[in-house]
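In what follows, a single structure is set out as structure tokens and then discussed.
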Amino acid sequence: MAVLVLSVVLLLVVGGCVCVVWASRGGPRWVRVVAAVTLGAGELARRSGGSRRGPGADD
């Protein structure tokens, strides 16, 4: 069951990345919406990392 859930999550992530690339090349409106949601989710994930500071931190 866990493999199925992780597979679905992976497909959603890959689909979102495809939409970001397609939207940057002028895709249809729904692609731009999915791309905006994907970028927003990525930004939230990046910010929810907490205040960890490592060698690669650029904040």
*Starting from region 12-51, pick out the trypsin sites (Lys or Arg not before Pro) whose DSSP state is loop and whose Cβ has at most 15 other Cβ atoms within 10 Å.*
R25
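Report the local net charge at W22: Lys and Arg +1, Asp and Glu -1, summed over other residues whose C-beta lies under 14 Å from its C-beta.
Taking every Cβ under 14 Å from that of W22, the sum is +3.
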*For V13 and R46, compute 0.36 nm times the residue count separating them, minus their Cα-Cα distance, and round to one decimal in nm.*
10.4 nm
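Read-outs: derived from the displayed coordinates by stated rules, not from any lab. The shown structure was predicted, so the numbers you read here are calculated from the model rather than taken from an experiment. Positions of Cβ are backbone-derived with ideal geometry, glycine not excepted, and every protein chain shown enters the neighbour counts.
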